[in-house]
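The values are calculated or read from the model by the stated rules, or taken from the named source; none is laboratory data. These numbers were taken from a predicted model, which means no experiment stands behind them. Cβ: placed from backbone, ideal geometry, glycine included. Neighbour counts: every protein chain shown.
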Amino acid sequence: MSNDSLTRTTGPETTSPSGAAPARRLRLQFTTVAAARSIVPLLVVVVVLAWVTGSQNPAFLTPVNAQNVLTQVAVLGILAVGQTFLVVGGQIDLSVGSLVSLVGVVAARCFADGWSTPSVVVLTLAIGAATGLVWGVAVAYLDVPPFILTLGASACWAPSRSSCRTTPRSPSATGSPVGASGPSGLCAPLWRCCSWS
């Protein structure tokens, strides 16, 4: 009887789960296949679109055009890195585009007024950080829905950036703008996007 009770009590605890490792491998394979199924069609569409556009316009598949496209999407890539953390946390910020436009207009106005580059960089970073802090406090402590908050902020930034008017300055007088070039002639925002990703 003692042996029977000992077998009953220790049997399930001492037996190693022989099916745990195969189950883990199966889950990993399923996740990999699911990720491939979602990524491969997008890559196929991009390749087909690039091939069709390149066949109609020979200038499309050139290094110069590729550099232009990467330069234009670099800012969006940097924004996407920050938005990824919000989406993973179950939040969203709809005012990012308007805030970036506002900060860009403020920076251009400051450069036109003769501000130094470090001062403009500090000011633009301070505007972004202060806005993020206010939004974070409102969402975390005041229970304001982030969708409503950032949607309203997006509508508020639009007239603010249009009220800042400036005249362009010649590159010969001011030198290269901030982030105009980087390694291999690519713009600095592109390198920041790749490094932050």
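Couple of notes before you dig in:
- Some residue of the stretch 160-182 being modelled with pLDDT of 85 or more and in a helix (DSSP H, G or I): no
- So Val120, is it buried (at least 16 other Cβ atoms within 10 Å of the Cβ) and assigned to a helix (DSSP H, G or I): yes
- The stretch 83-113, subset of a type in the set (Gly, Ala, Ser) and surrounded by 14 or more Cβ atoms within 10 Å (Cβ to Cβ), residue nearest to Gly132 (Cα to Cα): Ser95
- Selection count, the stretch 49-99, where residues are under 23 Å from Leu125 (Cβ atoms), small (Gly, Ala, Ser) and in a helix (DSSP H, G or I): 6
- Filtering the stretch 55-76 for residues that are within 30 Å of Ala138 (Cβ to Cβ), outside the structural domain of Ile148 (by TED's automatic domain parsing) and out of contact with any Leu (no Cβ under 8 Å at 6 or more places or on another chain) leaves a non-empty set.
- Filter result for Ala107 (modelled with pLDDT of 85 or more, touching a Leu at 6+ places or on another chain (Cβ under 7 Å), assigned to a helix (DSSP H, G or I) and not charged (D, E, K, R)): no
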